[in-house]
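A quick write-up on the structure given underneath.
A short reminder: the numbers here are calculations on the coordinates, not readings from a lab. Every value quoted in this text rests on a predicted model; they were computed, and no experiment measured them. Counting neighbours? That spans all protein chains shown, and the Cβs are built from the backbone with ideal geometry, glycine included.
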Amino acid sequence: MTPQRFAEAQRAEAVHHREAWTHLHVGPLPHVQSIVDYRYWLESYYRTVLMFFGFGVEWFQGRSVIEIGSGPFGAVACLPPGDRVAVDPLMDEFAEYMRPQWTDGVVRLTARGECLPLPDERFDAAIMINCLDHTDRPDKVLRELARVTRRGGKLFFMNNVKSRVGCLMAKLGEALRIRKLMEVYHPHAFTSASAIRLMASAGWRLQGSAWSRARLESEHRKLSWKGRLRLLLNGESAFYGLFERT
Ligand SMILES: C[S@@+](CC[C@H](N)C(=O)[O-])C[C@H]1O[C@@H](n2cnc3c(N)ncnc32)[C@H](O)[C@@H]1O
């Protein structure tokens, strides 16, 4: 990927988060009426990756945790207090409006997952939610994350995945710059199988997997036939993986 393409994705990402946290532009979340509601909603969303594999937040008590691509708030902010590190390349930008929301106890670093300023085997567990397809070099990020996580450490992972046709359309869009097939935030696209393969090659063994797909009828009715066709072909779902560092 070119540096320009990554910068384009990150610019869009920065606007998206700022709009959410300063103007409550949060998409189709009809019951989110305030920033406090949004924080609660995020907490529920982050917990799905634990729920599927039988973990509660208390499991993190006494364990050191790193989160890659935390966004402005982050799953680590919703865990019991402890050794918590959140990493995001946009952290400086988030700091401009997020300071009132941030609680003590989370160390927030401005860095890319491809190059973590942290020692080997520093953490017991890692979290990566909705980040992999945003990164510049997904393979490098996963290898770096394996480096800073101890052997036997867990990775709680979530990313949207597509059908093979959906991935093919996204790749064509990227290669030929066909705007209608591209998603500005997501320079990469994965099927769950290709994500699991990439994980394995970076030192992460799959221990559990789950998929979910939600649909709000009111939103679905607003889609044009083209929108519905695209949805069908993309076959998008949220993929959750529990991985162990080999
Ligand atoms: C869609 S947001 C997800 C934020 C949060 N995890 C959540 O689910 O609410 C994707 C995040 O990944 C971050 N990101 C993009 N490239 C990255 C990279 N190379 N290393 C680490 N994080 C990255 C973005 O800055 C952005 O904050």
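Give the calculated FRET efficiency between Glu58 and Arg150 to the nearest 0.05, with a Förster radius of 30 Å applied to their Cβ-Cβ distance. Don't jump to the answer; show the numbers that get you there.
Numbers: r = 20 Å, r/R0 = 0.68.
My answer for the efficiency is 0.90.
Let a ≥ b ≥ c be the square roots of the eigenvalues of the Cα gyration tensor of the range 1-126; is it rounded (a/c under 1.5), or, if not, prolate (a/b larger than b/c) or oblate? Don't jump to the answer; show the numbers that get you there.
Numbers: a/c = 1.70, a/b = 1.10, b/c = 1.55.
Note, shape of the range 1-126 comes out oblate.
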Stretch Arg179-Met51 to full length: gain in nm at 0.36 nm per residue minus the Cα-Cα span? 42.5 nm
Whichever lysines have a C-alpha closer than 20 Å to that of Lys154, once near sequence neighbours (fewer than 8 apart) are set aside: Lys140
Could you give me D for the chain, from Stokes-Einstein at 37 °C and 0.692 mPa s, where the hydrodynamic radius is the Kirkwood radius over C-alpha pairs? Units µm² s⁻¹, please. 176 µm²/s
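Quick one: of the DSSP bridges fully inside the range 3-245, what percent are antiparallel, nearest 5? Let's see the in-between values first.
Details: 16 of 35 bridges.
If I count the DSSP bridges inside the range 3-245, around 45 percent turn out antiparallel.
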Rank Leu142, His186, Ala175 by how far each Cα sits towards the positive end of the charge dipole of the chain (+1 on Lys, Arg Cβ; -1 on Asp, Glu Cβ) and give me just the farthest. Ala175
Name the most mobile residue of Gly74, Gly62, Gly166, meaning the one with the largest mean-square fluctuation, in a Gaussian network model of the chain with Cα contacts below 10 Å. Gly62
Which value in nm describes the separation of the simple spin-label points at Leu232 and Gln101, placed 7 Å from the Cα toward the beta carbon? 3.7 nm
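For the ranges 122-131, 22-31, what's the packing order if you count other beta-carbon atoms within 10 Å of each residue, average per peptide, and put the highest first? Could the numbers behind the result be given before it?
Working: 122-131: 22.0, 22-31: 11.0.
With the highest mean Cβ count within 10 Å placed first, the list reads 122-131, 22-31.
If I take R0 = 41 Å and measure r between the Cβ atoms of Cys115 and Glu217 in this structure, what FRET efficiency does the formula 1/(1 + (r/R0)^6) give, to the nearest 0.05? Provide the component values of the computation, followed by the final result.
Numbers: r = 44 Å, r/R0 = 1.08.
Working from the Cβ atoms, E equals 0.40.
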Do you know the relative contact order of the chain, to the nearest whole percent, from alpha carbon pairs under 8 angstrom that are 6+ apart? 19 percent
Rounded to the nearest 500, what is the 222 nm mean residue ellipticity of the chain from helices alone, with -39500 (n - 2.57) per DSSP H run of 4+ residues and division by all residues? -12000 deg cm²/dmol
